[in-house]
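Asks: Before anything else, here's the structure in question.
The values are calculated or read from the model by the stated rules, or taken from the named source; none is laboratory data. What you see is a predicted model, and the numbers here were worked out from it, not measured in a lab. For neighbour counting, all protein chains shown are included, and Cβ atoms are generated from backbone atoms with ideal geometry for every residue, glycine included.
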Amino acid sequence: MTYNRCGRSGVLLPAISLGFWHNFGRLTPESQSRDIVRAAFDAGITHFDLANNYGPDPGAAELRLGKILKDDLASHRDELFIATKAAYDMWPGPYGSWASRKHLIASLDQSLARLQLNYVDLFYCHRYDPVTPLEETLQALVDIVRAGKALYIGISRWPLEAAQYAYAYLRQHDTPCLIYQGRLNLFDQAPIQDQTLQAAADAGAGFIAFSPLAQGLLTDRYLNGIPADSRIAHDPRFLNADALTPQRLTTIRRLNDFAAQRGQTLAAMALAWILHHPQVTSVIVGASSPEQLLRNLECMNNPQFSDEELQAIDQIISNE
Ligand SMILES: NC(=O)c1ccc[n+]([C@@H]2O[C@H](COP(=O)([O-])OP(=O)(O)OC[C@H]3O[C@@H](n4cnc5c(N)ncnc54)[C@H](OP(=O)(O)O)[C@@H]3O)[C@@H](O)[C@H]2O)c1
């Protein structure tokens, strides 16, 4: 495993991190989740990314990881960097969502109970709340660190201006923002285009990319139809067959051929492409099997891109 420094902090994160959004809830047998976690840990994937609401049902992924940690990894706690988040809908009523002090602190307490942990390494505000005063949200994050419930703070999906305000506030309060989490992949380059990526680097924060494989589209998964065990077939909550337009399939096929010329799978090339940006600390991959996860590590074998290769990839994508 390659470990990258997270911004200007003391923390090193693995180039590949493991996400718990899918494959850790009611729809997946516990043994399958356990095999993925064990394979990840054995491969040096020390960073696990969760949220209060990952499931289904909300909370299920934290409960499952809590059990796996207790059963299998209790003596390895200090080798792991565990993140969770709050701010999306979690429980009914006025305090179950968004980014008030009330929601963030109560939600983290619930997460710690489900994870059976005394603290998480990283706690995120999962989305920007346009109504709650920013100072209320940010001071709650600072106080969470001071209370020892999280070692570091991150923000996810915040618009640029609010993120820059957060970087300044958190630094002034001696709790610098460790990391920004945003969607970045070959099909969604918004953080590059809108300066979110560079702003994080300028502030000394790392950047971690979620859905780096566009939920499986940037792999060989859908080249020949929709497999019965794929996300589109068995858990289409956030990705369904409408995403597989003929045009998109053509682009995926062209990218797949181009990756083959580089001696890589499409998934490995898609991850390497994200990681070749110097501001990127890590990519959070999802995996439905240990084999898938381990195949993704191949991205580290051919991490460089020539200018001609980058132009060729841009050309394929811009033809969509
Ligand atoms: N901050 C946020 O708001 C936010 C939002 C979304 C996600 N996230 C984080 O990012 C993590 C990753 O998101 P994601 O699950 O969408 O990531 P992804 O890596 O883009 O997609 C994962 C899916 O791709 C397929 N896949 C992975 N490796 C493959 C391979 N080698 N060959 C073929 N198919 C492969 C699998 O699909 P199949 O299931 O079909 O096998 C897998 O479930 C989440 O778990 C979560 O931690 C954060």
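Asks: Among the residues of segment 112-124, is any outside any helix (DSSP H, G or I), within 22 Å of the chain's Cα centre (by Cα) and surrounded by fewer than 16 Cβ atoms within 10 Å (Cβ to Cβ)?
Replies: yes
Asks: Quick one: would you say L249 is over 25 Å from G182 (Cβ atoms), surrounded by fewer than 21 Cβ atoms within 10 Å (Cβ to Cβ) and within 12 Å of the ligand (Cβ to nearest atom)?
Replies: Spelling it out, it is not the case that L249 is over 25 Å from G182 (Cβ atoms), surrounded by fewer than 21 Cβ atoms within 10 Å (Cβ to Cβ) and within 12 Å of the ligand (Cβ to nearest atom).
Asks: Taking the condition of being in contact (Cβ under 8 Å) with a residue 12 or more places away in the chain, of a type in the set (G, A, S) and either within 7 Å of the ligand (Cβ to nearest atom) or in a loop (DSSP other than H, G, I, E, B) (or both), how many residues in segment 206-242 meet it?
Replies: 4
Asks: Let me ask something else about it. Quick check on segment 114-137: of everything there that is among the aliphatic types (A, V, I, L, M) and within 18 Å of L151 (Cβ to Cβ), which residue is farthest from the ligand (Cβ to nearest atom)?
Replies: By that ranking, first place goes to L117.
Asks: On the given criteria, is G182 closer than 30 Å to T28 by Cα, assigned to a strand (DSSP E or B) and in contact with a Pro (Cβ under 6 Å, 6 or more places away or on another chain)?
Replies: It is true that G182 is closer than 30 Å to T28 by Cα, assigned to a strand (DSSP E or B) and in contact with a Pro (Cβ under 6 Å, 6 or more places away or on another chain).
Asks: I need every pair where a residue in segment 68-81 that is closer than 16 Å to R114 by Cα has its Cβ under 6 Å from the Cβ of a residue that is part of a helix (DSSP H, G or I), sequence separation at least 6 or different chains.
Replies: Pairs found: I68/R34; I68/V37.
Asks: Output the number of residues of segment 265-317 satisfying the condition of being of a type in the set (D, E), surrounded by 14 or more Cβ atoms within 10 Å (Cβ to Cβ) and within 16 Å of the ligand (Cβ to nearest atom).
Replies: Counting residues in segment 265-317 that are of a type in the set (D, E), surrounded by 14 or more Cβ atoms within 10 Å (Cβ to Cβ) and within 16 Å of the ligand (Cβ to nearest atom) gives 1.
Asks: Kindly evaluate T196 against the criterion of being among the hydroxyl-bearing types (S, T, Y), more than 10 Å from the ligand (Cβ to nearest atom) and at pLDDT 95 or above.
Replies: yes
Asks: Considering only segment 137-181, state which residues are buried (at least 22 other Cβ atoms within 10 Å of the Cβ) and under 15 Å from the mean Cα position of the chain (by Cα).
Replies: I153, G154, I155, S156, W158, L178, I179, Y180, Q181
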